[in-house]
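Have a look at the structure below, then the notes.
The values are calculated or read from the model by the stated rules, or taken from the named source; none is laboratory data. These figures come from a predicted structure and were not determined experimentally. Cβ coordinates were reconstructed from backbone atoms using ideal geometry, including for glycine residues, and neighbour counts include every protein chain displayed. The accessibility values were calculated without ligands, DNA or RNA, using every heavy atom of the protein model including side chains. Shrake-Rupley method; radii C 1.70, N 1.55, O 1.52, S 1.80 Å.
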Amino acid sequence: MKPTPITSCHRHAPGRRRITALVVTVRGGSMTPALAPGDRILVLRRPARGLRDRHIVVLRSDRIPAAGRDDLLVKRIAAAPGAPVPPRAGGGGTVPDDHFVVLGDNPALSTDSRVWGPVPAESVVGVMIGRVARGGHRGP
């Protein structure tokens, strides 16, 4: 997935630009029915601190040791640091500090924390804040 950057100027640093949001195109069916292949989502770049269960996040797979590829992944947070690992993700124990359990909405088509285990917080690129287009078409 190649993100489309959206830039913004900071008041405190005139002339300096920082990418604050990305438009990411969903590939694959791991997030159906919430997100379908071809949907374009708006992702706010932000640190993982403060993210909670049910947030949809974009992850860098090269920061997930077991993922084994260099790509962006879209998943839903199922458990935050310190929370119990949910039964659908293998259960038992708690999520380590600075890690999240992430799952696809469609388990039959998703490779996620059920395979990788908890993912490092540093793998989080940002959180989805909306859909730009559904299946390549403009609109809600």
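A few notes on this one:
- Extreme residue, most open to solvent (accessible area, probe 1.4 Å), among residues of segment 74-100 that are under 11 Å from the mean Cα position of the chain (by Cα) and of a type outside the set (F, W, Y): R76
- Number of residues in segment 101-116 that are open to solvent by less than 50 Å² (accessible area, probe 1.4 Å) and in contact with a helix residue (DSSP H, G or I) (Cβ under 7 Å, 6 or more places away or on another chain) equals 4.
- Scanning segment 63-95 for residues that are touching a residue at least 40 places away in the same chain (Cβ under 8 Å) and charged (D, E, K, R) yields a total of 4.
- Residues within segment 34-45 that are open to solvent by 10 Å² or more (accessible area, probe 1.4 Å) and farther than 25 Å from A83 by Cβ, tallied: 5
- Only listed residue being open to solvent by less than 10 Å² (accessible area, probe 1.4 Å), touching a residue at least 60 places away in the same chain (Cβ under 8 Å) and under 17 Å from G38 (Cα atoms), chosen from V132, V119, V57: V57
- Residue among A66, A48 that is buried (at least 18 other Cβ atoms within 10 Å of the Cβ) and assigned to a loop (DSSP other than H, G, I, E, B): A48
- Residue within segment 76-88 that is out of contact with any His (no Cβ under 6 Å at 6 or more places or on another chain), in a strand (DSSP E or B) and among the aliphatic types (A, V, I, L, M) present: yes
- Segment 1-37, subset of a type in the set (K, R) and assigned to a loop (DSSP other than H, G, I, E, B), residue modelled with the lowest pLDDT: R11
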